Amino acid sequence: MKNKILVINDSESIRQILQYYLEKKNYDVYLAKDGLEGIQKTKDISPDLILLDVMMPGLTGFEVCRKLKNDPKTESCPIIFLSSLTDTSDKIQGLESGGVDFITNTADQAEVEARIETHLKIQELTRELKASNQELMFKQKALNADLQAAGVIQQSLLPNKIPDIPNIKLAWTCHPSTLVGGDICSISLIEPDQLNCYILDVSGHGVPSAMVTVSITQYLGQKELTTASSPKHVLTLLNKEYPFEKFNMFSTIFYMTLNPKNGKLIFSNAGHPEGILLHSKKKLELLPVTGSLIGVDPNSVFDDKVIQLEKGDKVFIYTDGVIEYRNSKGEFYGTDRLYALLEKIKHHSIHEILHLVFESILEFGDGRPTQDDVSLLGLEYFT
Amino acid sequence: MEIEFTKKDLVLVVKPLEKNIEAGNSRDFKSKVIEQIDQGNKKIVINLSKVEFMDSSGLGCLISLLKQLASHQGAVALCDVQDPVKRIFSLTRLNQVFSIFPSEDEAIKTFSSR
């Protein structure tokens with residue numbers, strides 16, 4: 001398609017000469033004899049470029065240029081001033097009014113052509129850039145929408161209803177660092193005498209980790225695993241099913257089963273931050289690691305540990321996003337701070353404890369967003 | 001990520017010069033070391049003297065290098081591990097998975113005699 005050039009000039013001879021040159025160079029040429037006609041034609045034909053005279057009866061070229069640049073319909077059209085004025089101040093005024101160039105020697109055909117070519121090229125590149133920017137924005141929007149949808153799907157895997165057990169209170173919270181995360185909490189009452197809870201952290205975060213959490217959640221939801229009375233049995237199977245090579249990821253998991261009727265709790269901890277047992281009358285106790293990371297070695301051995309909960313005991317487990325949270329000075333939230341806080345607030349309800357811990361993390365970081373997913377799960381035992 | 005590579009006999013010593021190996025730089029670290037593996041370096045000692053913190057992405061990157069080298073008849077060892085990182089290794093029991101030496105010289109000596 002031919003490029004359209006509009007010549008706005010009060011001199012008929014200059015209009016004719018330019019028309020002759022430019023048509024020979026295969027441009028579509030339109031002519032206007034003054035500013036008002038020029039503005040109207042710009043709106044009507046949307047030229048690709050305008051050659052604008054400065055000194056004209058009525059509106060001056062500078063005024064015409066400003067008007068065109070102030071109208072969203074015409075602002076993008078490049079304007080080259082073509083004038084016999086040679087003062088630097090005129091050139092500056094022309095460029096300030098929105099022109100892209102100022103040619104003083106209208107007789108030099110070659111120069112006029114070269115500059116027209118240059119500005120048409122710039123115009124074309126600008127248009128392409130805008131178009132690809134727009135396309136990118138659309139794609140980004142679509143990606144964000146997908147991610148949001150993925151986030152909703154992942155949320156649906158989290159406990160939606162906390163089982164109602166007379167002598168147990170449960171609470172959990174999962175805060176992914178982006179729309180989707182690599183952490184999962186699970187709470188399920190299998191039988192009146194078997195409550196399973198776990199907190200899982202797949203290495204890394206974002207979409208790849210999130211997809212693995214979905215897969216692992218499904219795996220752990222199978223009946224032969226949920227009914228297993230020994231957490232180490234579950235972790236041994238999980239470790240064989242999800243070797244590191246499968247997704248280039250490992251996981252840590254704290255898995256526990258509790259008999260709500262007698263307070264007997266069995267846990268197995270695969271490389272996960274130590275769980276915390278809060279006693280009402282004694283100092284807190286750590287629930288240590290009992291096996292290596294999931295996926296690193298297919299022959300890993302996992303152990304179970306049994307503890308007898310007493311009235312008022314609380315169990316608190318969390319993912320490393322808590323202790324690895326850093327403030328703007330680069331300091332870690334750390335276990336010392338967490339343990340001290342828990343000791344201080346241990347007489348609150350488990351629900352409040354989770355809330356206070358999360359608040360304390362954010363307060364420590366002045367509200368700085370979490371760098372990793374942060375998940376907390378807690379239970380409180382009454383007799 | 002800035003890394004110092006030094007070849008000592010048949011062993012390539014890899015020394016990350018950053019304080020943290022984590023989500024933001026672990027991918028870069030991994031790909032730079034893999035480049036070295038692809039060039040034929042199968043015995044690698046990672047000197048962690050400068051590293052004070054590793055998150056799960058950082059650990060994942062080390063495990064990935066370990067697996068990759070093992071499948072190419074190579075081996076990796078760690079040395080000069082600082083206390084905070086040592087704690088992470090013992091907590092995750094990765095100290096049972098990796099060969100860890102107190103000094104670079106000892107790590108190289110063990111490799112050279114193999």
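The values are calculated or read from the model by the stated rules, or taken from the named source; none is laboratory data. Quantities reported herein were computed from a predicted structural model and do not represent experimental measurements. Neighbour counts run over all protein chains shown; Cβ positions are idealised from the backbone, glycine included.
Looking only at region A:267-274, decide whether some residue is aromatic (F, W, Y), more than 9 Å from chain B (Cβ to nearest Cβ) and farther than 23 Å from A:K346 by Cβ.
First, pick out the residues of region A:267-274 that are aromatic (F, W, Y): A:267.
Checking the rest, the ones that are also more than 9 Å from chain B (Cβ to nearest Cβ) come to A:267.
Now narrow it down to the ones that are farther than 23 Å from A:K346 by Cβ: none.
No, that holds for no residue.
Report yes if some residue within region A:232-244 is closer than 20 Å to A:L189 by Cα, in contact with a strand residue (DSSP E or B) (Cβ under 7 Å, 6 or more places away or on another chain) and surrounded by fewer than 15 Cβ atoms within 10 Å (Cβ to Cβ); otherwise report no.
The answer is no, given that none of the residues of region A:232-244 is closer than 20 Å to A:L189 by Cα, in contact with a strand residue (DSSP E or B) (Cβ under 7 Å, 6 or more places away or on another chain) and surrounded by fewer than 15 Cβ atoms within 10 Å (Cβ to Cβ).
Can you tell which of A:T86, A:T42 is β-branched (V, I, T) and modelled with pLDDT of 95 or more?
Values: A:T86 fails: modelled with pLDDT of 95 or more.
Result: A:T42 is the single residue among A:T86, A:T42 that is β-branched (V, I, T) and modelled with pLDDT of 95 or more.
Within the group B:S71, B:S90, B:S113, which residue is more than 14 Å from chain A (Cβ to nearest Cβ) and either in contact with a strand residue (DSSP E or B) (Cβ under 7 Å, 6 or more places away or on another chain) or without any contact (Cβ under 8 Å) to a residue 12 or more places away in the chain (or both)? Don't jump to the end; show me each part of the working.
Values: B:S71 fails: more than 14 Å from chain A (Cβ to nearest Cβ); B:S90 fails: more than 14 Å from chain A (Cβ to nearest Cβ).
Exactly one residue qualifies, and that residue is B:S113.
How many residues does region A:189-221 hold that are out of contact with any strand residue (DSSP E or B) (no Cβ under 8 Å at 6 or more places or on another chain) and among the charged types (D, E, K, R)?
1
Within region B:15-27, identify whether any single residue is hydrophobic (A, V, I, L, M, F, W, C), touching a residue at least 12 places away in the same chain (Cβ under 8 Å), surrounded by 16 or more Cβ atoms within 10 Å (Cβ to Cβ) and at the interface with another protein chain (Cβ under 10 Å from one of its Cβ atoms), and answer yes or no.
Step one: of region B:15-27, the residues hydrophobic (A, V, I, L, M, F, W, C) are B:17, B:21, B:23.
Narrowing further to those that are touching a residue at least 12 places away in the same chain (Cβ under 8 Å): B:17, B:21, B:23.
Remaining after also requiring surrounded by 16 or more Cβ atoms within 10 Å (Cβ to Cβ): B:21, B:23.
From the residues that got through so far, the ones that are at the interface with another protein chain (Cβ under 10 Å from one of its Cβ atoms) too are B:23.
Among the residues of region B:15-27, at least one is hydrophobic (A, V, I, L, M, F, W, C), touching a residue at least 12 places away in the same chain (Cβ under 8 Å), surrounded by 16 or more Cβ atoms within 10 Å (Cβ to Cβ) and at the interface with another protein chain (Cβ under 10 Å from one of its Cβ atoms), which makes the answer yes.
To keep it simple, each residue is scored yes or no on (1) touching an Asp or Glu at 6+ places or on another chain (Cβ under 8 Å); (2) at pLDDT 95 or above; (3) more than 20 Å from B:R87 (Cα to Cα).
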position	(1), (2), (3)
A:D304	no, yes, yes
A:K311	no, no, yes
A:R326	no, no, no
A:K329	no, no, yes
A:Y339	no, yes, no
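Starting from region A:277-296, keep only residues that are within 10 Å of chain B (Cβ to nearest Cβ), then list their pairs with residues that are loosely packed, with under 14 Cβ neighbours inside 10 Å whose Cβ atoms are within a distance under 7 Å, requiring at least 6 positions of separation or different chains.
A:G291/A:V301; A:S292/B:Q96
Would you check which residues across region A:188-208 are crowded, with 21+ Cβ neighbours inside 10 Å and either β-branched (V, I, T) or at pLDDT below 90 (or both) and list them?
Selection gives A:I199, A:V202, A:G204, A:H205.
Of all the residues that make up region A:1-28, how many are crowded, with 21+ Cβ neighbours inside 10 Å and within 50 Å of the chain's Cα centre (by Cα)?
5
Residues that are of a type in the set (D, E): list the strands (runs of 3 or more DSSP E) wholly contained in region A:31-106 that include at least 1 such residues.
Details: elements: A:49-52, A:79-82, A:101-103.
Of the strands (runs of 3 or more DSSP E) lying wholly inside region A:31-106, those with at least 1 residues that are of a type in the set (D, E) span A:101-103.
For B:L59, work out the one condition from (1) away from chain A (no Cβ under 14 Å); (2) surrounded by 20 or more Cβ atoms within 10 Å (Cβ to Cβ) it doesn't fulfil.
(1)
Search region A:138-158 for residues that are touching a residue at least 60 places away in the same chain (Cβ under 8 Å) and surrounded by 14 or more Cβ atoms within 10 Å (Cβ to Cβ) and pair each with any residue that is in a helix (DSSP H, G or I) and not hydroxyl-bearing (S, T, Y) when their beta-carbon atoms are under 6 Å apart and the residues are at least 6 apart or on different chains.
Sorted first by the residue in region A:138-158, then by its partner, the pairs are A:Q154/A:A210.
Could you go through region A:225-240 and let me know if any residue there is within 14 Å of another protein chain (Cβ to nearest Cβ) and within 27 Å of the chain's Cα centre (by Cα).
no
Taking the criterion of being within 24 Å of B:L59 (Cβ to Cβ), touching a Pro at 6+ places or on another chain (Cβ under 8 Å), in contact (Cβ under 8 Å) with a residue 12 or more places away in the chain and within 13 Å of chain B (Cβ to nearest Cβ), would at least one residue in region A:365-375 satisfy it? Write out each step before concluding.
Start the filter on region A:365-375 by keeping residues that are within 24 Å of B:L59 (Cβ to Cβ), which leaves A:365, A:368-375.
Filter once more, keeping what is touching a Pro at 6+ places or on another chain (Cβ under 8 Å): A:373.
Going one step further and asking which of them are in contact (Cβ under 8 Å) with a residue 12 or more places away in the chain, we end up with A:373.
Narrowing the set further to residues that are within 13 Å of chain B (Cβ to nearest Cβ) leaves A:373.
There is at least one residue in region A:365-375 that is within 24 Å of B:L59 (Cβ to Cβ), touching a Pro at 6+ places or on another chain (Cβ under 8 Å), in contact (Cβ under 8 Å) with a residue 12 or more places away in the chain and within 13 Å of chain B (Cβ to nearest Cβ).
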